[in-house]
Each structure stands twice: as structure tokens, then as C-alpha cells.
Amino acid sequence: MSSAISDLVEPEIHSEVDTMRHSAAHVMAHAIRRIWPDARFGIGPTIENGFYYDVDMSHKLTPEDLPKIEAEMKKVIKEGKPFVRHDWPVDEALGIFRKLGQNFKIEIIENLRDRTGATSVSGYEEGDFLDLCRGPHVKAANEVKYFKLMSVAGAYWRGSEKNPQLQRIYAVAFNRKDELEEYLHLLEEAKKRDHRKLGKELDLFSFHAEAPGSPFFHPRGTVVYNRLVQYVRELYGPYEYDEIITPQIFNSILWKKSGHYENYKENMFFTEVDEREFAVKPMNCPASTFVYASTKRSYRDLPLRLADFGRLHRNEVSGALSGLTRVRSFCQDDAHIFCSPDQIEAEIKKVVSMILKTYDLFGFTDTQVFLSTRPEKRVGSDALWDTAENALKAVLDSLGRPYGVNPGDGAFYGPKIDFLVRDALKREHQLGTIQLDFNLPDRFELEYTASDNTAQRPVMVHRAVLGSLERFMGILLEHTAGALPFWVSPLQARVVPIKDTHNDYCRAFLLKLKRAGYRADIDDRNESMGLKTREAQVQKIPFSLVAGDREMEAGSFAVRKYGERESKVMTQDEIVALFAGLEAISHPGYEG
């Protein structure tokens, strides 16, 4: 189906819940037409968790109108009229919808006739409401039960600014009441956990109009950022990586040679140097080939694992920018492995191990794996793609772990394995990736001397564990509701003297903690303990260490963990031992 048609036709319904949601969209349109008889309708497809319908009418909808529409929908549902399917010849359908004044439906019918040769179309009648629709629907309106209208937005007809702007009403719908309640609860939680809100409350980062889509990390946010980098760097020893640093700006000749100019140009930033076109790098991969090619390589040098924390820039459209999760300036925990074909399986298995171990550490215990195959826009021969895709499939099959397939979702230079995690709110996020590339080594004429003294092409494995550090930080903040793991937290402990007479004792222990490498401060203000305790909780500091007369005499502190009501008295040595254990969790050798 051409794009000109597909943007006018609702997607096919494939599940019971989608059938119900599509029927709910019909019921909503019926209710709107009863309240505002001049309403004209665009399309009303199902989407994840619900549906929407585009409507054109003189009344300007506001959020206050949604309860009114919901109430009318409940009346339609209570009437319980059946959904009756009609199949009309195209000319008859055009006549019906002209009488109804539904110009958008007329356009859909004409497009179907002119572009596909359709001779008939279908519609559904429910009570006194008739709608153009491919269906299917539930048997009757009273089978639509648990729904809620969520918001109103503007949407251009067919997505073009040249067309009328319609009013789009979004809604959610479920087969069971508890499913709707859980969804609404998670939605409220998501608002509380929004990383942009948390970033401001915890003083982690900010954004400014002078650098759109480019975060400014504050001191506390920089601690978190650097701690993520440190964790990945600590993996490089056990997994035998070498780290490199490469330039930010390259002559466009490089990007033409790599294929980025042809396949990724619209996402790149360009500048002019000495009357020649240069581009800021959107990816690290071509740069690593220069390090590889800087000296003659032998099979004994392989695999060569080169990691690069280079800063990247991508020209994302303004409307797509979203806090840390969609930015223009970011850093990836990037690495490129140059290996021989017979080393592919072992190398990819090591990366899979590294990725899964990392996600488990951060509390992402529900991880899905997908094989993403060749996209329509790509470089390289079909033979190379066959080889690369078959190699990745063989590795995934050998792991014995379930995986899905995302057809056409590979990178333009090679297929990939993508890792999706489900967060605390059951939302899915794509994080790590392993990409197998036979094309870039070929384009840059990379070679190594094989054991038989022949010149061979290495294979290139692109790998990211956290992916964009900015995006991962945003996802982690929302997953933990800002209560970051102890070893990542910008401030790990706050020492709180009850009175001025306890200040020296508390400051001495604070110095001990800092010398041991822990991030801690002291709250010795002349304020109530209630206020100090509340502020430590609001700032989500992992531990509050409180000392009064009894604690000072015993050389101890009342230790209160974030989120817990009760305190536990611990000696100074016990506290240091506790912190050491929590810090050790982040080290690659930790097997607890």
C-alpha cells in the first residue's frame, strides 16, 4: 500500500482487545456527533493501550469537554445497539457520506478507488450512527466497558501542514477494570518520575535555548554521569578493551566513503573549514578504522577491541527533542571490535554477557532480545547481508535464549542485535546494541595478515552497552524514581548532628568518609530534625547518619536508609563496611 493510501486507512485489527478499542473509537465518535452535530471525522485507529479519533467541528475542544463526551459514551454503551456491517459499491458509499457531510470519509473512499482500484468499501452502523470502517467490531456497543479519554491535541489531516488541522482525542481502553486502573496508576507514577522533573528537583541538569537539545550537567549530575562512565571503563579490564580518543570533526570525504553522507546526511551538522565541507561526527565507527589501519595488523592482533567515549552530535528535529532521552549532543559507551570471521561467535557472546550483566546490576531484570535485519536504505551487497544476518542468527540460536525479529530495522551498514528493557512502570526502552558490519572494513580497505600469509578483511562489530549515556541516565532516573543506586548516587550520605555539641564528632566522621572515597556532606544548620529529615528524603540521599549524645558516647550513628521509617544504630566501622559492600556491587568482579 502506498504512503498516500496508508495514511488514510486505519490499520488492520488483529487482536480481541484491539477490536474492542476500535469499537470504543466508534462509540466515541457517535457520542461526539450527538453533542456536536456538525462534527466531521477523519480516522480513528487503535494505538498502544487505546485509540484516538480525529474530528473537525466548530467547537474548540478543551480537557473540560472530555467528561461530557465520556458521559455520552456511557449512554451509547447502555443502549447496547449492535454493530451492523454494510458493504457498499464505491459510488453508493460516496453518495451516503456526501449526504452525511463527511468530506474526509469521501476523500478516503476516492483515494481507495483511484489508487487501488477498489470497487466496494465497508462501513458499520450502530444505532443512528454510521461510519466508514474496515472493522471488525464487537457485537454490540455494550461490550465496550473500561475506557478513559485522556487528552486533546492538534493533528493535520494526513500529517501535512497544507491540510486542515483537526482535533485529535486520545483515549485508553482495556478489557478489564483492573487493567485500566493499573494503567492510570502507572501514568500518574510516570508523571512523578519524569526525569526532567527529577533533574530539576535533584539539581542534576538543565536545558537552555542557547543550545537546544544539549544538556548542561550540574555538579551533582556530573557525578552520576562520570560514575556511569567509570563503571563501563571498569568493564574494559576483564573484557580486554583498549580505549581510544578520536576527533570531533571530519572532512565530508570521510562520511561519503563510510556511507553516512548518503544514508544519514539529514541527521548531521555541517561546517566549512578552509573552503571545504566538514561534518561533526554523529557516530564513532569510521574514526576507529583509522586507529586500526595505523599499523600493519596480523591475525595475532585479533580480536582488537577499541572503545571510544567520543561526543556525538545528531541534528534531531526540534519536535523530537525530549529531555535526556532525545538530544542533539551526547556520548555513547561505544566500542568497535575488529575480528576474523571465525571469532564472530565468541566475541558476540562476550558482549551479550557484558550487556545482560550490566542491566541486571541496574535493576532491569526483564530484558528482551531482537534480531534486526536489513533496512530498505542500506549499503553493501545482498551476499554480505546474507552472511552477516546468518552469523547473528547462528549466535542467537546457540545461546538458547528466546529472541524476536525486527524485519528492516537494522543499521544501514549491517544487521544488529537489539536489547530492550522493561522499566519499573512496564515501559520498554531499547538500550544496548550489537551490530555486525562487513561493509565498513570493505569500504575502508582494512586488512590483516592471516596465518597463511594472505591478506584478509576483518569483520567489524559495533557495540554499545548503555547506549547514549544521556538517554540511559534519563531512563534510570525514571526507573528508580530518582532514588539512584548507592554507588551511582551524587550524594551517598548526609551526616546530621542533633545539636551544636555534636558538630565536631559528626565532622570528624564526615572527613573519614570522604577520605575513604564516599560522597557525603553535613547538615549542621540550626533547624529542626524533622525539617532536616524531610529534606534528606526529598533529595533521595541513600543514607542519613544522625548523632546525638548517646551515639557520640558509643562512637555510633543512627542510620536511616532512604525510603525506610526506622533507623538502625551502627558503629562507624559498621557503616564504612556497609558502604564498602554497596560500592563493591558496581565492580565487574563482583559475583554476589
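Observations on the structure shown:
- Selection status of Asp418, on the phi < 0 side of the Ramachandran plot and free of Cβ contacts under 8 Å to residues at least 40 places away in the same chain: no
Listed here are the residues, each with its yes/no results for (1) buried (at least 17 other Cβ atoms within 10 Å of the Cβ); (2) more than 31 Å from the chain's Cα centre (by Cα); (3) at positive phi; (4) not in a helix (DSSP H, G or I).
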| position | (1), (2), (3), (4) |
| --- | --- |
| Leu531 | no, yes, no, no |
| Lys540 | yes, no, yes, yes |
| Val546 | yes, yes, no, yes |
| Glu564 | no, no, no, yes |
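- Restricting attention to region 271-287, the residues that are touching a residue at least 60 places away in the same chain (Cβ under 8 Å) and in contact with a His (Cβ under 7 Å, 6 or more places away or on another chain) total 1.
- Count - residues of region 541-566 that are closer than 18 Å to Lys499 by Cα and of a type outside the set (Lys, Arg): 15
Conditions tested, residue by residue: (1) assigned to a loop (DSSP other than H, G, I, E, B); (2) within 27 Å of the chain's Cα centre (by Cα); (3) closer than 30 Å to Gly414 by Cα.
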{"position": "Glu210", "(1), (2), (3)": "yes, yes, no"}
{"position": "Arg220", "(1), (2), (3)": "no, yes, no"}
{"position": "Tyr231", "(1), (2), (3)": "no, yes, yes"}
{"position": "Lys256", "(1), (2), (3)": "no, no, yes"}
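- For beta carbons closer than 7 Å, sequence separation of 6+ or different chains, a first residue in region 213-237 that is closer than 14 Å to Gln332 by Cα and a second that is exposed (fewer than 15 other Cβ atoms within 10 Å of the Cβ) and among the aliphatic types (A, V, I, L, M), there are no qualifying pairs.
- Qualifying residue in region 381-394 (condition: within 21 Å of Val421 (Cα to Cα) and modelled with pLDDT of 90 or more): yes
- Sole residue being in contact with a Cys (Cβ under 8 Å, 6 or more places away or on another chain) and not assigned by TED's automatic domain parsing to the domain that holds Ala25, chosen from Ser258, Ser214: Ser258
- Within region 290-311, tally of residues that are surrounded by 20 or more Cβ atoms within 10 Å (Cβ to Cβ) and modelled with pLDDT under 95: 0
- All positions within region 399-417 that are over 19 Å from the mean Cα position of the chain (by Cα), modelled with pLDDT under 90 and either under 15 Å from Ile434 (Cβ atoms) or crowded, with 19+ Cβ neighbours inside 10 Å (or both): Leu399, Arg401, Tyr413, Gly414
- Filter result (hydroxyl-bearing (Ser, Thr, Tyr) and in contact (Cβ under 8 Å) with a residue 60 or more places away in the chain) within region 571-588: Ser586
- Any hit, region 361-380, residues being over 26 Å from the mean Cα position of the chain (by Cα) and in contact (Cβ under 8 Å) with a residue 40 or more places away in the chain: yes
The values are calculated or read from the model by the stated rules, or taken from the named source; none is laboratory data. In this text the structure is predicted, and so the values were computed from the model without any measurement. Please note: Cβ atoms are built from the backbone with ideal geometry, for glycine as well, and neighbour counts cover all protein chains shown.
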